[in-house]
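Presented below is the structure to which this report refers.
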Amino acid sequence: MENEKQQYSLGGDVPEYESKGGVRDARRGSVMLGEAADLYGDIATAEEYGYVSRGLKSRHIQFIALGGTIGTGLFLGIGGAFVRAGPLSVLLGYTFTGVAVFGMMQCLGEMATWLPLPGAIPQYCARYVDPAMGFAVGWNNWYSSAITLCAEISAAAIVIGFWNDTISQAAWISIIIVLVICLNIFAVAIYGEAEFIFASVKIITIVGLLLVALVIDLGGGPSHDRLGFRYWKNPGAMKEYIGVGNTGRFLGLFSTLVNAAFSYGGVEMVAVAAGEAENPRKNIPKAVRRVFWRILFFYVLGSLAIGVTVPSNDPTLKLGGPGAGHSPWVIAIYRAGIPVLPSIINAVILTSASSSANAFLYTGSRYLFALAQNGQAPRVFLKCSKRGVPYYCVGVTASISLLTYMSVSAGSSTVFVWFQNLTTISTLFTWVSICIAYIQFRKALIAQGVDRNTLLFKAPFQPFTAWGALFFWIMIILFNGFAVFTKGNWSIDDFVTAYVGIPIYFAFFLFWKIFKRTSWVKPADADIWTGKAALDNEVWPEQIPRNIFEKIWFWIA
């Protein structure tokens with residue numbers, strides 16, 4: 001077991017690491033060098049490679065958590081679900097998926113608060129479950145983030161067509177790629193500031209859209225036509241899909257779960273950033289506790305707002321249009337006869353796609369960094385700049401974005417759908433791995449005598465929450481491509497995009513399992529301590545509000 005521990009800790013036993021936890025780094029008064037020595041095994045190695053920097057402030061973390069899941073899935077992708085299943089099915093689908101996401105994030109929040117590490121998720125899987133799972137989920141997450149980066153850039157190419165579809169999409173793709181690389185390569189604080197601004201714009205926009213939808217629904221638009229729940233009656237609240245009657249309506253509802261999973265993708269981003277967050281023991285629980293309200297406000301109310309303002313049989317929603325013409329929000333505004341707003345919404349969707357691309361380049365690079373820490377990727381990926389940026393990780397992840405140029409020939413809309421399907425399954429495997437890691441982490445706490453009541457963040461209703469979320473994600477993975485098995489709907493392309501993620505994940509797992517002959521980690525032997533001492537020794541200054549405005553701001557951020 002000791003040898004296996006060294007595989008993913010890059011060093012000796014836990015006490016050896018703990019003795020080095022107090023080494024401090026002059027950068028911002030943190031203990032990052034101590035953490036690096038803790039994880040790499042010695043200070044010389046930490047100094048040779050450098051280490052990531054805790055440059056993400058509280059407001060960065062809170063707004064990454066708030067805006068991280070508001071992307072093209074909510075603005076663009078949700079329209080296809082309405083056409084296929086109807087407004088009630090979409091509302092229920094996003095609600096059910098949101099409950100499972102909340103349960104998964106509670107699991108992740110407890111682990112990330114106990115031990116906030118860069119990349120986090122692969123390290124938890126390697127330490128608590130099996131090094132082979134750490135390898136599988138790490139590389140799965142990396143390629144998922146890299147492909148999602150392509151999906152968001154492809155979405156941006158769709159959006160720009162709203163204003164100008166004569167200039168080659170390759171030009172816009174190049175501009176966005178250069179932009180997100182610049183935001184990621186210099187310092188993590190620059191990435192944090194960019195996400196803070198992007199998230200602020202997205203949050204203000206979605207709040208504004210919800211208010212506009214309420215006004216339109218109540219008859220406050222130029223036509224003064226009070227809609228109510230008219231479109232739930234005609235063309236109907238739940239549409240038949242594949243089958244007929246109750247079976248068809250159920251299949252329509254089930255089909256929305258995959259769409260919702262894509263929209264929620266990236267919600268785990270706040271844990272990936274935990275390793276570079278200031279005062280993670282305070283800021284991570286604060287962000288995770290707000291997941292429920294984020295899901296309720298943005299997605300549940302958002303899907304309800306669309307359902308009462310746009311009929312699911314709207315021809316524009318079915319056929320799509322350039323840029324924001326794909327968005328049911330813009331279609332609702334057009335139908336209400338409100339000028340100007342569509343261009344504003346299109347600009348925000350473009351900002352949102354760029355923001356998501358920026359975020360997934362960051363997360364992909366940190367997953368690669370975590371793999372290198374586990375000894376499951378070349379050690380060159382540990383190399384960091386003086387400002388704590390793993391620039392080799394950023395460069396390799398950014399190189400995958402070149403696949404986006406496929407959209408120039410195949411059509412950006414088609415490529416966006418390909419990327420959406422591919423990344424949804426890899427995201428689901430990530431969430432499955434988080435639930436399994438948490439179940440084993442909880443067993444490790446019990447086996448090693450740690451009272452969960454002493455934790456700074458204790459996830460409620462465990463382990464039932466973890467098991468429930470785990471069952472939900474496995475069900476979607478197995479049945480997400482059910483449509484291709486029905487009569488007259490077989491498609492090789494659809495089958496591959498629905499299920500190719502399964503053999504990819506297990507190929508990663510089996511490769512490391514056989515190559516390194518790893519074994520399942522026993523709870524009593526699980527490494528829940530390495531890297532913890534440096535954080536335990538750190539004292540973060542308490543922010544005391546001086547007036548009512550600062551009190552409100554500190555509550556928000």
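Any idea which residue in the range 160-201 is farthest from residue 394 (Cα to Cα), counting only those that are of a type in the set (Val, Ile, Thr), part of a helix (DSSP H, G or I) and open to solvent by 40 Å² or more (accessible area, probe 1.4 Å)?
Per the stated criteria, the residue is 201.
It is to be established whether one or more residues within the range 508-526 are modelled with pLDDT under 90, open to solvent by less than 40 Å² (accessible area, probe 1.4 Å), out of contact with any strand residue (DSSP E or B) (no Cβ under 6 Å at 6 or more places or on another chain) and in a helix (DSSP H, G or I).
Within the range 508-526, not a single residue is modelled with pLDDT under 90, open to solvent by less than 40 Å² (accessible area, probe 1.4 Å), out of contact with any strand residue (DSSP E or B) (no Cβ under 6 Å at 6 or more places or on another chain) and in a helix (DSSP H, G or I).
Residue 138 passes all but one of (1) within 25 Å of residue 429 (Cβ to Cβ); (2) of a type in the set (Gly, Ala, Ser); (3) at pLDDT below 85; which number fails?
Residue 138 satisfies every listed condition except (3).
What helices (runs of 4 or more DSSP H) lie completely within the range 37-109 and have 3 or more residues being at pLDDT below 70?
Result: 43-49, 58-67.
Does the range 154-174 include one or more residues that are over 21 Å from the mean Cα position of the chain (by Cα) and under 30 Å from residue 443 (Cα atoms)?
no
Which of the residues that make up the range 86-108 are β-branched (Val, Ile, Thr) and surrounded by fewer than 23 Cβ atoms within 10 Å (Cβ to Cβ)? Lay out the reasoning, then the answer.
Let us first name the residues in the range 86-108 that are β-branched (Val, Ile, Thr), namely 90, 95, 97, 99, 101.
Answer for the range 86-108, where residues must be β-branched (Val, Ile, Thr) and surrounded by fewer than 23 Cβ atoms within 10 Å (Cβ to Cβ): 95, 99.
With touching a Pro at 6+ places or on another chain (Cβ under 9 Å) and either farther than 30 Å from residue 282 by Cα or of a type outside the set (Phe, Trp, Tyr) (or both) as the only criterion, which of 512, 520 stands out?
After applying the criteria, what remains is 512.
Say whether the condition of being closer than 26 Å to residue 293 by Cβ, polar (S, T, N, Q) and assigned to a helix (DSSP H, G or I) is met by at least one residue in the range 237-256.
yes
For residue 305, all conditions in the list (1) closer than 21 Å to residue 204 by Cβ; (2) within 18 Å of the chain's Cα centre (by Cα) hold save one; what is the number of the exception?
Answer for residue 305: the failing condition is (2).
From the residues in the range 336-373 that are open to solvent by 10 Å² or more (accessible area, probe 1.4 Å) and free of Cβ contacts under 8 Å to residues at least 40 places away in the same chain, which one is nearest to residue 395 (Cα to Cα)?
347
Scan the range 477-507 residue by residue and report those that are within 19 Å of residue 248 (Cβ to Cβ) and part of a helix (DSSP H, G or I).
479, 482, 483, 484, 485, 494
Name every residue in the range 239-256 that is within 29 Å of residue 138 (Cα to Cα) and open to solvent by less than 10 Å² (accessible area, probe 1.4 Å), in order of residue number.
256
What is the residue count in the range 527-557 for residues that are at pLDDT 75 or above, among the hydrophobic types (A, V, I, L, M, F, W, C) and outside any helix (DSSP H, G or I)?
Qualifying residue count for the region: 2.
Can you tell me which condition residue 301 does not meet? The list is (1) buried (at least 21 other Cβ atoms within 10 Å of the Cβ); (2) within 18 Å of residue 70 (Cβ to Cβ); (3) modelled with pLDDT of 80 or more, and all the others hold.
It is condition (1) that residue 301 fails.
Which number in (1) touching a Ser or Thr at 6+ places or on another chain (Cβ under 9 Å); (2) closer than 20 Å to residue 288 by Cβ; (3) open to solvent by less than 20 Å² (accessible area, probe 1.4 Å) marks the one condition that residue 433 misses?
The number of the failed condition is (1).
What number of residues in the range 477-492 are in contact with a helix residue (DSSP H, G or I) (Cβ under 6 Å, 6 or more places away or on another chain), hydrophobic (A, V, I, L, M, F, W, C) and without any contact (Cβ under 8 Å) to a residue 40 or more places away in the chain?
Number of matching residues: 2.
Being over 12 Å from the mean Cα position of the chain (by Cα) and open to solvent by 10 Å² or more (accessible area, probe 1.4 Å) is the filter; apply it to the range 258-282 and report the residue that is nearest to residue 207 (Cα to Cα).
That would be 259.
The values are calculated or read from the model by the stated rules, or taken from the named source; none is laboratory data. Fair warning: this is a prediction, and the values are worked out from it, not measured in the lab. Using ideal geometry, Cβ is built from the backbone for each residue, glycine included, and neighbour counts are taken over all protein chains shown. Note: accessible area is taken over every heavy atom of the protein model, side chains too, but ligands, DNA and RNA are not part of it. Shrake-Rupley method; radii C 1.70, N 1.55, O 1.52, S 1.80 Å.
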